[in-house]
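Accompanying notes for the structure given below.
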Amino acid sequence: MTDTSADLVILGGGSGGYAAAFRAAELGLSVTLIEKDKLGGTCLHRGCIPTKALLHAAEVADETREADAVGVKASFEGIDIAGVNKYKDGIVARLYKGLQGLAKAHKVNLVEGSGTFVGGTTVEVDGTRYTGKNVILATGSYSRTLPGLELGGRIIASEQALSLDYVPKKVVVLGGGVIGVEFASVWASFGVDVTIVEALPRLVPNEDEFASKQLERAFRRRKIAFKTGVRFTGAKQDDNGVAVSLESGETIEADLLLVAVGRGPNSAGHGYEEAGVKIERGFVITDERLRTNLPNVYAVGDIVPGLQLAHRGFQQGIFVAEEIAGQSPRVIDESGIPRVTYSHPEVASVGLTESQAKDKYGADVTTFTYDLGGNGKSQILKTSGGVKLVKAPDGPVVGVHMVGDRVGELIGEAQLIYSWEAFPEDVAPLIHAHPTQTEALGEAFLALAGKPLHVHS
Ligand SMILES: Cc1cc2nc3c(=O)[nH]c(=O)nc-3n(C[C@H](O)[C@H](O)[C@H](O)COP(=O)(O)OP(=O)(O)OC[C@H]3O[C@@H](n4cnc5c(N)ncnc54)[C@H](O)[C@@H]3O)c2cc1C
C-alpha cells in the first residue's frame, strides 16, 4: 500500500469537486481529485447540459411548428431522436474534453477509481492511500424513488430519460419540480402526451405562487396535463405499458413513468459514517464554512443540505479551496443562489418568495408584478409571463421571480440587485436597452419606485 500525499484530496469530480480542485490549484496547492466515473459528474454528463440540449431541440421543434405565425414557410416533419441524441452527446463530449484539458492545465492529479474515506484526511482507492492536509467530500447525489416504486423497465429516472432512443407516445411524470417540469416540457414539444402528477398543491412548489400559476397557465395552453395535490399509490408495468394509480382512484396508462421526486445524497458506502462524519437523513452536515464535524474534512455540493444546483457546487468548491488557502472567503448566502427551470416558458428566481418574505419581515412586505404583455421583446418572441418583485418594508428588494421564455438570461441582473441589497430607487435610474426583456425588470423597478412607464393601471 503506497501512501501519496497532497495539500488537498477531493473525493468526487462533479461540479463541487472539480471547482475546488481548479481553484486550489490556482492558489498553488497540490491537488488529488478522485473520480470513479467521468470528470464533470452529474451536471455535465447526466444533468444540466444534456437536458438543456434536449430543451433547445424542443424549442426548435416548437419554432418550426409555429413558423407560419411569423410568416416563415416551414413544415415540421417530426423528431429524429438519433439526430437529437447526436447533437446532445456532441455538446457533452466537447465540454468533457475541455474540462479534461483544464484539469491537465491546472496540474490536478486525477485518480480514476472508487474512493473510500478511511478517516483522518485519507482516502483509499484500490489499495492506494491518498492523504491530504485537507479532504473535501463531494460525492454528489442520485435519483430518488418512492418506497415500493422500483426503477427499471418502463419506470425510469432522469438518467434513462436522457438516453431514450425513441420518442414515447404517452408519459406520466411523477414530480412537478424542476426536473419533472423540464422533461414534461421537452416531451410535449416532441409531440408526447404528458401528464405530471405532483403531491403538493402546485407545480414548481418551491417557487413563488405567482410563478406556479403562470407556469400552470402556460402548460394548460400547451396541453400538458397535470394533477396537483394528488398522491401516487402505485405502478404496474408489462410489455404493453405502465399503469399508474393515484389515491384519487384514477389510473393513468402510459408507455413510461418518469420518476422525478428529487435527488438523494450519495453519502453511503464511501466510509463516511464509519469514519465518524456527522450525517443526518443521508446528508453530510457542515457548518456555514462547509466544515464537517471532523477536523480538516469539508463537504460541498449535493451531499450538503440545501439547493442541489451545479452553480452552488461550483461556489462551494471555490469557497473551500480559498478557505484552505487561508483567504477567509465570505460565507455563501443560500438565498442569493439563482434558480432557473428551463422549461417553455422558463421560471427564474432569486431571493425570497412573497410568503418567505412575510414570514421574515411581517405583513408589510410590498410586491409588484410586471406583465410581459407590456414588454416589446417578449411580444416579438410571442411569450407571456411576468416579473414579480418582493420588497422588505422600508428595505431593499429581497426577491425577484420571473416567468417567460428566455427569462433565465435575466437572472444575472436580478441576482446583482438581490445580492447588493438594492432599493427600487437604486435600480430605477439604470437604463435598460430597448427592446430587450431586461426592460421588464427595469419597468418593474420603475413602478416600485413610484414612476411607472409602460404600465396599465
Ligand atoms: C436531470 C438533471 C438536470 C439538472 N439540471 C441542472 C441545471 O440546469 N442547473 C443546475 O445548476 N443544476 C442542475 N442539476 C443539478 C446538478 O447536476 C447538481 O447539482 C450537481 O451536479 C452537483 O454537483 P456535485 O459535485 O455535488 O455532484 P455530482 O455532479 O453528482 O458529482 C459527484 C461525482 O462524484 C463521483 N463519485 C461518487 N462517489 C464516488 C466515490 N466513492 N469515488 C470516486 N468518485 C465518486 C461521481 O461519479 C460523480 O462524478 C441537474 C440534475 C439533474 C439530475
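Read-outs: derived from the displayed coordinates by stated rules, not from any lab. This is a predicted model, so every value here is computed, not measured. Note that each Cβ is placed from the backbone with ideal geometry, even for glycine, and that neighbours are counted across all protein chains shown.
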Legend entry - Mean Cβ count within 10 Å, highest first, over the residues of peptides 378-388, 321-331: 378-388, 321-331
Legend entry - Ranked by how many other beta carbons lie within 10 Å on average, peptides 309-320, 349-360, 5-16 from highest: 5-16, 309-320, 349-360
Inset, instruction - May I ask you to compute the full-extension gain from E288 to K107, defined as 0.36 nm times their residue separation minus their alpha-carbon distance, rounded to one decimal in nm? - result: 62.2 nm
Inset, instruction - Note down the net charge around K73, summing +1 for each Lys or Arg and -1 for each Asp or Glu among other residues with Cβ under 14 Å from its Cβ. - result: -3
Legend entry - Full-extension gain in nm, D193 to S163, via 0.36 nm per residue minus C-alpha separation: 8.9 nm
Legend entry - Order by protection proxy (mean Cβ within 10 Å, highest first), peptides 78-90, 268-280, 402-414: 402-414, 268-280, 78-90
Legend entry - Computed lengthening from E334 to I380, 0.36 nm per intervening residue step minus Cα-Cα distance: 13.1 nm
Inset, instruction - Quick one: net charge around S163, please, counting Lys, Arg +1 and Asp, Glu -1 for every other residue with C-beta under 10 Å from its C-beta. - result: -1
Inset, instruction - Pairs of Cα atoms under 8 Å, at least six residues apart: use those to get the relative contact order of the chain, whole percent. - result: 15 percent
Legend entry - Rounded to 5, percent antiparallel among DSSP beta bridges of the chain: 55 percent
Inset, instruction - Kindly flag which residue pairs out of K227/K388; K213/K388; K358/K451; K388/K451 have an alpha-carbon separation exceeding 19 Å in this structure. - result: K227/K388; K358/K451
Inset, instruction - Only bridges with both residues in the stretch 155-261 count here: give the DSSP antiparallel percent, nearest 5. - result: 40 percent
Inset, instruction - State which entries of K38/K278; K52/K86; K86/K382 exceed 20 angstrom in Cα-Cα distance in the structure shown. - result: K38/K278; K86/K382
Inset, instruction - Within the stretch 206-246, which residues have the backbone N less than 16 Å from the label spot 7 Å out from Q356 along Cα→beta-carbon, could you tell me? - result: 206-212
Legend entry - Loop sites in the stretch 71-124: GluC sites (Glu not before Pro), DSSP, at most 12 other Cβ within 10 Å: E77
Inset, instruction - Would you pull out the residues with amide H under 5 Å of A235's amide H, same chain only if 5 or more places away, H placed 1.01 Å from N? - result: S245
Legend entry - Percentage relative contact order, the stretch 345-448, counting C-alpha pairs under 8 Å, at least six apart: 33 percent
Legend entry - Inter-part distance where the stretch 76-128 and the stretch 207-255 are each reduced to a Cα centre, Å: 34 Å
Inset, instruction - Convert each backbone phi in the stretch 366-373 into a coupling constant with the Karplus relation 6.51 cos²θ - 1.76 cosθ + 1.60 (shift: θ = phi - 60°), then list the ³J(HN,Hα) values in order as whole Hz, x for Gly and Pro. - result: 9, 10, 9, 10, 9, 7, 5, x
Inset, instruction - Evaluate E = 1/(1 + (r/R0)^6) for A433 and T228, where r is the Cβ-Cβ distance and R0 equals 41 Å; express this FRET efficiency to the nearest 0.05. - result: 0.60
